[in-house]
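The structure appears right after this line, and notes come after that.
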Amino acid sequence: MPEEEILEESVLNPVMPDVQDPLLRALLADEPAPVDTPQEQPQALPAEADEVDCVVIGLGAGGAPLLARLAMAGLKVVALEAGPWHDAKKDFATDEQAQDFLFWNDERLAAGQDPLAMGRNNSGTGVGGSTLHYTAYTPRPLPDDLHLKRDFGRGEDWPFGYEELEPYYEELEGFLGISGPTPYPWGPARRKGYPLAPLPLNGAAQLMVRGAAKLGIQTSPAANAALSARYYQEGVGWREACTNRGFCQAGCSNGAKASMDVTFIPLAVQHGADIRPNSFVTEIERDERGFVTGVVYTQNGEQQRQRCRHLFLCGGSVETPRLLLLNDLALTSGQVGRNLMAHPGVQVWGTFADEVRPNKGIPGGLISQDTHRPKDADFVGGYLLQSIGVMPVTFAGQVARGRKLWGQPLRDYMRQFNHVAGINILGDCLPHADNFMELAEEKDARGLPKPRLHFTAQENEQRMNAHAEKIMRGIWEAAGATDIWAFGRYAHVIGTARMGLSGDDAVVDANGRAFDVPNLYISDNSTFPSALSVNPALTIMALSLRTADKFLEQQQRRNG
Amino acid sequence: MSSPAYPSGTVRALLDTAHVSDATRAALQARLDAPATYAPQFLAPETFALLEAVAARLFPQPDRPTQPIPLAPAIDQRLADGRADGWRYDALPPDREAYRMGLGGIQEIAQAQFQTDFMNLEAAQQDAVLHMLAGSHPPGTAWQTLDAGRFFEELLAELAATYYAHPLAQEEIGYVGMADLPAWTKIGLNEKEDREPKPEERLSS
């Protein structure tokens, strides 16, 4: 980093991110760690020359943080990502349709009474995964989010408490450069504030402040993983501040948003990680003891094999269980593909006399967690409220699907685009036997069975939606909106390879290790035992770092 | 509230400026430069003509009598390429089959109601057919196996995405988000940069 740059008025990120795990800290402080970790099992077949310590499948929020952690510990790591490696600054257009390549566009089948929209709503591909198009909304869960069963007798508890994740949230907020309010108005007092001040409020956020204040609902600028000032990023250099493009969901073109491609992946590369884009894994190979020995993947039409001592599966809640099911792997609990949850995300839109121009600024500028455990709730859990900006094509699609307007009325309504603003919720969801993912008979373009996702909102989700819609309509009425309408939707697929205390009812243990396969780890939102009442990205990253630390700790013990 | 109308020409003018990145300009210019005529690649010519007629009622463009924003070609091209958008209602068959069946089903509704092809109907009669499609249980054998509501939703959503991706449709709604360089600095309520268009008059809604 050039000396003169430090003098500028920007926030300096610690060059070395804090490392929570004492053993990893010791490793990093010592001599460079040996590249070859001794083999875990002495009776294993002799290693082939090309065997690596770890293969990581998938480079989104689940794969990238642990990839960096493992590489920093001196392990030889290969990452296989199904999608390409983009040059965002050059290739990303401010155009929704042109950015369609960010989504997992192989067809998934949406079944049940409330079929889950996938594609742009719920998927991602490319080096960076879904973080390439996440909104960057990064609230922490509140501690009781992890204990629905303890508090309500419904759903599942996490196998550990919030205190296990808290140090990772602190580390991530510092490393990624999250912009947010200090102090944070909800939840327990925090040891560290956000490293950057909140991003400026756009029109929708200002309107929500206006409406919520009249109803006595507390609001705050939200935590977003986009920079409100320049920030030094280890492995990257200076990342520039957000320019308020409002196109987070179609890809950030200036590196202000903390997607994995501008944060953990360059860090991993700096420490020797081998990134292989366009690599679609089809097979997971095992020895006679059931240990993973390597993976077979297709890269640019060529079939390749990569042998490994440990495998980290980080493909997200659809591709992770699909790979397990296709390979008949880690299935003894009977839970792979089950417990599929999706966050209730009902939106309420209104038209204002004010000019909103909803495409500008960070889309989720404002938050309220006053509805985390509403006093008058007739449901389990709770939700957060969020102001939302929107891009025109996304909005038009929702108007078409949600309002069923067509012809001249649709064109007339859309001419009010600069005057519309929205609020939505993100709410918890309970697992249910009717909600699961399976492999369909129908094959996709690769010749593999298409995933079929069954989702029906149950009574708890329906009651939460009704409660939330009433509150959001109230806020918009108080803020002066007319023509208020609600668009029911669900976002994020969660829970299809859940973690737990026992292999009888969970796929992985609290550290992310598969009960059935000792050298297989899963790190993505498929392991969440419950959905949480906040957006999942930050917690996926926290679990990813924690899984890496637990793995390294175990290796250290074994080798020590 | 009534719908604002914005001056024409704003997006075209901005495309030539440094407010638009090269990648963004390339995407939008390609849509402006699309040829006026299109030979269908997937649908039979008469089926494609039917799709065009349906699209013309779902997105009537009396304000663009000679050069409407093309809508049907995007669907035909996608079906020809076998591209998907990542998901499909399990209730619907694969897209190619759904479009063939659904367009055939629209003819069936027209025949049942007016005893003639959709193409031969007056605009108001065509709208009546589409209202039946958007409602529930329209007449016709196609709709015994094809979920009419879901098909209509998918068709309308795809047309809406195509229409509002076009620079002239974006201009129509006063959107110039493509001109985002170097930054948006005025993002609050009732704030706009000089390059953002002002509504020029009010139409009744």
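Going through the range A:43-77 one residue at a time, which ones are in contact with a strand residue (DSSP E or B) (Cβ under 6 Å, 6 or more places away or on another chain), open to solvent by 10 Å² or more (accessible area, probe 1.4 Å) and at pLDDT 95 or above? Residues satisfying the conditions are A:51, A:57, A:75, A:76. Within the range B:142-197, restricting attention to residues that are among the charged types (D, E, K, R), buried (at least 21 other Cβ atoms within 10 Å of the Cβ) and in a helix (DSSP H, G or I), which residue is farthest from the other protein chains (Cβ to nearest Cβ)? Among them, the one singled out is B:154. Among the residues here, residue A:176 does not qualify as within 14 Å of chain B (Cβ to nearest Cβ), over 30 Å from residue B:175 (Cβ atoms) and at pLDDT 95 or above. Just one of the numbered conditions (1) touching a strand residue (DSSP E or B) at 6+ places or on another chain (Cβ under 8 Å); (2) hydroxyl-bearing (Ser, Thr, Tyr); (3) surrounded by 18 or more Cβ atoms within 10 Å (Cβ to Cβ) is not true of residue A:482: (3). Looking only at the range B:91-105, residues that are over 12 Å from residue B:51 (Cβ atoms), out of contact with any Asp or Glu (no Cβ under 8 Å at 6 or more places or on another chain) and open to solvent by 50 Å² or more (accessible area, probe 1.4 Å) come to 3 in all.
For the range A:118-137: of the residues being among the small types (Gly, Ala, Ser) and open to solvent by less than 30 Å² (accessible area, probe 1.4 Å), which is nearest to the other protein chains (Cβ to nearest Cβ)? Applying the filter and picking the extreme gives A:119. So is residue A:229 among the aliphatic types (A, V, I, L, M) and either in contact with a His (Cβ under 7 Å, 6 or more places away or on another chain) or assigned to a loop (DSSP other than H, G, I, E, B) (or both) or not? Criteria met by residue A:229. When B:47, B:24 are screened for being touching a Leu at 6+ places or on another chain (Cβ under 8 Å), assigned to a helix (DSSP H, G or I) and of a type in the set (Val, Ile, Thr), only B:47 passes. Looking across B:98, B:91, B:123, B:80, one residue alone is within 19 Å of the chain's Cα centre (by Cα), within 22 Å of residue A:117 (Cα to Cα) and among the small types (Gly, Ala, Ser). It is B:98. Checked against the criteria, residue A:144 does not count as surrounded by fewer than 18 Cβ atoms within 10 Å (Cβ to Cβ), away from chain B (no Cβ under 14 Å) and part of a helix (DSSP H, G or I). Of the conditions (1) open to solvent by 20 Å² or more (accessible area, probe 1.4 Å); (2) at pLDDT below 95; (3) part of a strand (DSSP E or B), residue A:491 satisfies every one except a single condition; which number is it? If we test residue A:491 against (1) open to solvent by 20 Å² or more (accessible area, probe 1.4 Å); (2) at pLDDT below 95; (3) part of a strand (DSSP E or B), just (1) comes out false.
Looking only at residues of the range A:239-274 that are open to solvent by 20 Å² or more (accessible area, probe 1.4 Å), of a type in the set (A, V, I, L, M) and not in a loop (DSSP other than H, G, I, E, B), we find that the one that is farthest from residue A:127 (Cα to Cα) is A:269. Evaluating residue A:212 against the criteria (1) within 14 Å of chain B (Cβ to nearest Cβ); (2) buried (at least 18 other Cβ atoms within 10 Å of the Cβ) leaves one unmet condition, (1). Does residue B:137 satisfy the criteria of being of a type outside the set (Phe, Trp, Tyr), open to solvent by 10 Å² or more (accessible area, probe 1.4 Å) and touching a residue at least 40 places away in the same chain (Cβ under 8 Å)? Criteria not met by residue B:137.
The values are calculated or read from the model by the stated rules, or taken from the named source; none is laboratory data. Please read all numbers here as calculations on a predicted model, not as lab measurements. Using ideal geometry, Cβ is built from the backbone for each residue, glycine included, and neighbour counts are taken over all protein chains shown. In case anyone asks, the SASA skips ligands and DNA or RNA and just uses the protein heavy atoms, side chains included. Shrake-Rupley method; radii C 1.70, N 1.55, O 1.52, S 1.80 Å.
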